[in-house]
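As C-alpha cells, the structure follows; a few thoughts come after it.
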Amino acid sequence: MNDNSGFLAGRIALVTGASSGIGAAAARVFAREGATVVLIARREEKLAALVEEIQAAGGRAAYLVGDVAKPQDAERAVDFTVERFGRLDAAFNNAGIGGDQTPMHLMGDEVYDAIMDTNVRGVWNCLRYEIRAMLATGGGAIVNNASVGGLVAIPAAAPYVASKHAVVGLTRAAAAEYAGQGIRVNAVAPGTTRSEITVDWFARNPGLEDLVHGMTPQGRTAAPEEIAEAAAWLCSDRSSFVTGVAMPVDGGFCNQ
Ligand SMILES: NC(=O)c1ccc[n+]([C@@H]2O[C@H](COP(=O)([O-])OP(=O)(O)OC[C@H]3O[C@@H](n4cnc5c(N)ncnc54)[C@H](O)[C@@H]3O)[C@@H](O)[C@H]2O)c1
C-alpha cells in the first residue's frame, strides 16, 4: 500500500531498468514510501503491468519505453518526468547487464562494448540529464546501481568489473561536483541478488550458486527488495549527509 507519510512522500523519482529484478523492486518500495515513480526500461508489457500494480495499491506511477544507452532516450525520460509531474527529485540509475563468465583473453569485443554501453554510458547519459533537471529546482538525490564488482575484482567478468568501477567513479565525481548545489550522488554495490541476471548466470554455470553462498558471510544471495530498500534510503532525506559513497549491500562479501 502506498504511504503518503512515507520517507519519500511527495517526491518525484525516476527508476531505470524497472521492468524486472532490483529496478522493479525499487519501483514498488519507492511508491510504498510515497514517491511518484516514473519507470523506464525496454519491455513495455512488464512496465505497464507494474504501473498498474502500483496504481492499484494507491500509488502514482507512469512509464516510458527507452534504452538508457541512447542519450536521446535518457533525455526523453527526464523531460517526460518534468513535463508530467513538474520536477525530478530522485533517480535510481539501475539499468545494467551482466557479463558472460568468459576468461578475459577469450572474450569478444562485442561483449565489452555491450556492457560498457549500458552500464557506463547509460549511467553517464541519465546522470547528466537528471542533474540538469535537479539544478533547475534546487537539488535532489541520485543513486547509481554499481555492484560489489565496482569495489573488488570478480574472476571471468572483466568488462563488468571495469564498468562497475566506472559507475563508482562517475558517482564520486558527480557527488564532488554538485554537493554545493544540493545534489547528492551515491551508489549501491549489491552482492549477488536473485534476479533475471543471476537466474540465467546460475543456469549456465552449475555449482556457481553454492559457490556464491560459500563466499558470502551471510551464506545466501540477496532478494531484490533488500537492494531496493538501500537505494530508497539513499534517495531520501534520511541520508541527508551522505554523498559520494558506494555502499555495499552484500551480506558481508566485501568485508573479508
Ligand atoms: N543481480 C545481481 O546479482 C546484481 C549484483 C550487483 C549489481 N547488480 C546490478 O543491478 C542492476 C539491475 O540488475 P538486476 O539484477 O535487477 O537484473 P535484471 O536483468 O532483472 O534487471 C535489469 C533491468 O535493466 C533493464 N535494462 C537493461 N539494459 C537496459 C537498457 N539499455 N536500457 C534500459 N533498460 C535496460 C532490463 O530490461 C531490466 O529491467 C544492474 O545494473 C546490475 O548490474 C545486480
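The values are calculated or read from the model by the stated rules, or taken from the named source; none is laboratory data. The structure displayed is predicted, hence computed values, not measured ones. Positions of Cβ are backbone-derived with ideal geometry, glycine not excepted, and every protein chain shown enters the neighbour counts.
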*Pull up segment 209-241, narrow it to residues that are in contact (Cβ under 8 Å) with a residue 40 or more places away in the chain and part of a loop (DSSP other than H, G, I, E, B), then point me to the one that is nearest to the ligand (Cβ to nearest atom).*
Ala223
*Any chance you could count how many residues in segment 101-127 are without any contact (Cβ under 8 Å) to a residue 24 or more places away in the chain and more than 11 Å from the ligand (Cβ to nearest atom)?*
6
*How many of the residues making up segment 118-165 are farther than 22 Å from Arg184 by Cβ, surrounded by 24 or more Cβ atoms within 10 Å (Cβ to Cβ) and of a type in the set (S, T, N, Q)?*
1
_Between Ile54, Ile97, which is closer than 22 Å to Arg28 by Cα and in a loop (DSSP other than H, G, I, E, B)?_
Ile97
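Only one of these is outside any strand (DSSP E or B), farther than 29 Å from Tyr112 by Cβ and not hydroxyl-bearing (Ser, Thr, Tyr): Gly149, Gly180, Gly244. Name it. It would help to see each step written out before you state the result.
Numbers: Gly149 fails: farther than 29 Å from Tyr112 by Cβ; Gly244 fails: farther than 29 Å from Tyr112 by Cβ.
None of the other options fit; the residue is Gly180.
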*Mind listing whichever residues of segment 26-51 are within 20 Å of Glu225 (Cα to Cα), assigned to a loop (DSSP other than H, G, I, E, B) and near the ligand (Cβ under 9 Å from one of its atoms)?*
none
*Of the residues in segment 75-109, how many are among the hydroxyl-bearing types (Ser, Thr, Tyr) and under 18 Å from the mean Cα position of the chain (by Cα)?*
1
*asked:* Given the condition touching a helix residue (DSSP H, G or I) at 6+ places or on another chain (Cβ under 7 Å), basic (Lys, Arg) and within 15 Å of Val120 (Cα to Cα), answer yes or no: does some residue in segment 150-169 qualify?
replied: yes
*Might you check whether a residue that is buried (at least 19 other Cβ atoms within 10 Å of the Cβ) and either among the acidic types (Asp, Glu) or under 25 Å from Ser195 (Cα atoms) (or both) occurs anywhere in segment 78-85?*
no
*asked:* Please go through (1) in a helix (DSSP H, G or I); (2) buried (at least 17 other Cβ atoms within 10 Å of the Cβ); (3) within 12 Å of the ligand (Cβ to nearest atom) for Asp200 and return the number of the only condition it doesn't satisfy.
replied: (2)
_Please go through segment 183-192 and give me each residue that is assigned to a strand (DSSP E or B) and either surrounded by 24 or more Cβ atoms within 10 Å (Cβ to Cβ) or at pLDDT below 95 (or both), ordered by number._
Arg184, Val185, Asn186, Ala187, Val188, Ala189, Pro190
